[in-house]
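Encoded as structure tokens, the structure appears first; notes follow it.
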Amino acid sequence: MEKLLLSDHSEITINPVEPIFTPKEITSYLLIEFDRSFAIKPGISKKIYLTFPVEIGIFISKRRDFELLDVFSFARKKFSLYGEPNNGIVCKYWKSNLHLSKPDVNPLTEGVLELNVRNDSSSWINVSKALFKALGMKLYYNGSLVSMRATMKLTDEEIAETDFHDSPLEKGMHKSIELVTSKRLSVQSSKTIMMEGI
Amino acid sequence: MVNYTLIGNITVLKLVMIVGILLGWAITSKIFSFYVRKTFKTRLDKDHLEIAVKIINYSIFVLAFTWILGILGIKLSGLLVAGGILGIVLGFASQSIVGNLVSGVFLMIERPMKIGNAVEVNGVIGIVEDIKIISTTIRTWDGLHIRVPNEKIFTSSITNYVSNVARRFSYVVGIRYKDDAEKAIEIIRQITDEEPFALQTPAPIIFVSELASSSVDITVMIWSPITEWYELKKRLLWVIKKRLEANGIEIAFPQSVLWLGEENLREKIGKSIVGD
């Protein structure tokens, strides 16, 4: 992409953005499918670590005003359908290995998502995927890591609720510019209800 | 003063009452419209909301009108007879208009299509530009503006190309008999796997669908987001063709092998000449 910038005393900011913009912004959702499913005991919460695709935004900024110039990504780009064609959701798709501790990844292609899974139901539940709304994603980054922290509340065998925590995975990480949140005019919920299977 | 007759049996009092009723109708309509819009703003979409407001306004008007008729001493039973005859006359005259109008109301309630949708209806394919009470306007792919009466739309089948979030499209790729169909399927699967808008789920379906007269036909079925399917369909077939050819698999073309009786004869003659 080539663009002529007519400006004075502006800065170029480069940071990770919500992973829904490449190759084209057609959805506000990210679906992460695990390489293996896990089963969780009723009434407990456990932390797992997943990866997500990193997309890098280039902004031109002056004081607090910023304008997105371009977004690019080295990660695999793929979309998927969550639910049925008549009432489902088209999502950005990512297949992730499931880790029990923070994995080492290439920060230019993959970020690390710490997911706190809580089983609020009274039975064991199998989980093989997680759906997230880009609105509410809180991305943090440093030279070697891009991260997000989220929760997944399982209410029964078919329904779950996901949401994000606004905190870094490591100390001293920088917070990314929230592109999706800044584009929304009204306040909307950042929670995602998964009703088409988990 | 209040019993002073103005025209016929209309007194000042009756006139004041009629004016009051009309004022009351106007104010009540405004109040009801305001509260209906406010209450159902988040529950109903704009089209349905406006229909509801109109129905309420007309109902209040009919009540006010009936009340005024009573004040003027006009009996409704007489009006009903006259109205019945008038209704029959008007009914014959405006049959199609009423049909279109009723169809328009049902189209707005049922909503098989919305403004901006790509549809095929009554043999017309295009984008819905407007749905009015009598007719619907469609802009065809060629940029033509077509007005379709609502009655025709309501009684014909409607194909809405964009009502679902994703749709499937298909190709049939015919390769030569001497090519490896399993390898071709693997190559096509790689292509769909690399393509972002070929959805992961539902997964593409690729299989040998026919052993045709000149080719082994491989059917490729791909699901794509509704906003992207057409661009993808236009692009992907050529990608498949080029990738197959790069891997030594050729697209078959129609061919026939002819066995001529003369050839057998020549073979026999040839043998006899050699024998001599």
Per the filter on region B:164-206, residues within 14 Å of another protein chain (Cβ to nearest Cβ), surrounded by 17 or more Cβ atoms within 10 Å (Cβ to Cβ) and assigned to a loop (DSSP other than H, G, I, E, B) are B:Val165, B:Glu195, B:Pro196, B:Phe197, B:Ala198, B:Leu199, B:Gln200, B:Thr201, B:Pro204
Being closer than 30 Å to A:Ile89 by Cα, in contact with a Pro (Cβ under 9 Å, 6 or more places away or on another chain) and within 14 Å of another protein chain (Cβ to nearest Cβ), is that true of even one residue in region B:147-161? yes
Residue under evaluation A:Thr109, criteria (1) surrounded by 14 or more Cβ atoms within 10 Å (Cβ to Cβ); (2) away from chain B (no Cβ under 14 Å); (3) farther than 15 Å from A:Ser147 by Cα, criterion not met: (3)
Mind listing whichever residues of region B:106-122 are surrounded by 14 or more Cβ atoms within 10 Å (Cβ to Cβ) and free of Cβ contacts under 8 Å to residues at least 40 places away in the same chain? B:Lys114, B:Val121, B:Asn122
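Going through region A:1-55 one residue at a time, which ones are of a type in the set (A, V, I, L, M, F, W, C), within 26 Å of B:Pro196 (Cβ to Cβ) and touching a residue at least 60 places away in the same chain (Cβ under 8 Å)? Walk me through how you get there before you give the answer.
Of the residues in region A:1-55, the ones of a type in the set (A, V, I, L, M, F, W, C) are A:1, A:4-6, A:12, A:14, A:17, A:20-21, A:26, A:30-32, A:34, A:38-40, A:44, A:48, A:50, A:52, A:54.
With within 26 Å of B:Pro196 (Cβ to Cβ) added as a condition, the list becomes A:1, A:14, A:17, A:20-21, A:26, A:30-32, A:34, A:50, A:52, A:54.
Answer for region A:1-55, where residues must be of a type in the set (A, V, I, L, M, F, W, C), within 26 Å of B:Pro196 (Cβ to Cβ) and touching a residue at least 60 places away in the same chain (Cβ under 8 Å): A:Met1, A:Val17, A:Ile20, A:Phe21, A:Ile26, A:Leu30, A:Leu31, A:Ile32, A:Phe34, A:Leu50, A:Phe52, A:Val54.
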When region B:123-138 is checked residue by residue, the ones that are under 12 Å from the mean Cα position of the chain (by Cα) and surrounded by 14 or more Cβ atoms within 10 Å (Cβ to Cβ) are B:Val124, B:Ile125, B:Gly126, B:Ile127, B:Val128, B:Glu129, B:Ile131, B:Thr136, B:Thr137, B:Ile138
Cβ-Cβ distance below 6 Å, separation of 6 or more or different chains: which pairs start in region B:225-247 with a residue that is under 10 Å from B:Arg167 (Cβ atoms) and more than 14 Å from chain A (Cβ to nearest Cβ) and end on one that is surrounded by 12 or more Cβ atoms within 10 Å (Cβ to Cβ) and not hydrophobic (A, V, I, L, M, F, W, C)? none
Quick one: in region A:103-148, of everything that is touching a Phe, Trp or Tyr at 6+ places or on another chain (Cβ under 7 Å) and of a type in the set (Ser, Thr, Tyr), which residue is farthest from A:Met173 (Cα to Cα)? A:Ser128
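Taking region A:73-87 only, how many residues are free of Cβ contacts under 8 Å to residues at least 24 places away in the same chain and surrounded by fewer than 20 Cβ atoms within 10 Å (Cβ to Cβ)?
Just the residues of region A:73-87 that are free of Cβ contacts under 8 Å to residues at least 24 places away in the same chain, to begin with: A:76, A:78, A:81, A:85-87.
Now drop any that are not surrounded by fewer than 20 Cβ atoms within 10 Å (Cβ to Cβ), which leaves A:76, A:85-87.
Residues in region A:73-87 being free of Cβ contacts under 8 Å to residues at least 24 places away in the same chain and surrounded by fewer than 20 Cβ atoms within 10 Å (Cβ to Cβ): 4 in total.
Among the residues of region A:15-34, is there at least one that is within 14 Å of chain B (Cβ to nearest Cβ) and touching a Gly at 6+ places or on another chain (Cβ under 9 Å)? Give the derivation first.
Of region A:15-34, the ones within 14 Å of chain B (Cβ to nearest Cβ) are A:19-34.
Next cut, touching a Gly at 6+ places or on another chain (Cβ under 9 Å) only: A:19, A:21.
Taking every residue of region A:15-34 in turn, at least one turns out to be within 14 Å of chain B (Cβ to nearest Cβ) and touching a Gly at 6+ places or on another chain (Cβ under 9 Å).
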Would you confirm, using the coordinates I've provided, whether A:Lys171 is under 26 Å from B:Trp223 (Cβ atoms) and of a type outside the set (A, V, I, L, M)? no
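May I ask you to say which residue of B:Ser214, B:Ser209, B:Ser224 is surrounded by 13 or more Cβ atoms within 10 Å (Cβ to Cβ) and in contact with a helix residue (DSSP H, G or I) (Cβ under 9 Å, 6 or more places away or on another chain)? Show your work before the answer.
Values: B:Ser214 fails: in contact with a helix residue (DSSP H, G or I) (Cβ under 9 Å, 6 or more places away or on another chain); B:Ser209 fails: in contact with a helix residue (DSSP H, G or I) (Cβ under 9 Å, 6 or more places away or on another chain).
Matching residue, one of B:Ser214, B:Ser209, B:Ser224: B:Ser224.
Can we say A:Val117 is within 15 Å of A:Phe38 (Cβ to Cβ) and surrounded by 16 or more Cβ atoms within 10 Å (Cβ to Cβ)? I'd like the intermediate steps shown before the answer.
Details: within 15 Å of A:Phe38 (Cβ to Cβ): yes; surrounded by 16 or more Cβ atoms within 10 Å (Cβ to Cβ): yes.
It is true that A:Val117 is within 15 Å of A:Phe38 (Cβ to Cβ) and surrounded by 16 or more Cβ atoms within 10 Å (Cβ to Cβ).
Condition check ((1) buried (at least 17 other Cβ atoms within 10 Å of the Cβ); (2) hydrophobic (A, V, I, L, M, F, W, C)) across all residues:
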position: A:Leu31; (1), (2): yes, yes
position: A:Ile40; (1), (2): yes, yes
position: A:Lys46; (1), (2): no, no
position: A:Thr51; (1), (2): yes, no
position: A:Ser61; (1), (2): no, no
position: A:Val71; (1), (2): yes, yes
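Laboratory data are not the source of any read-out in this text; all were calculated from the coordinates shown. What you see is a predicted model; the values in this text were computed from it and never measured. Quick reminder, even Gly has a Cβ in these numbers, built from the backbone with ideal geometry, and neighbours come from all protein chains shown.
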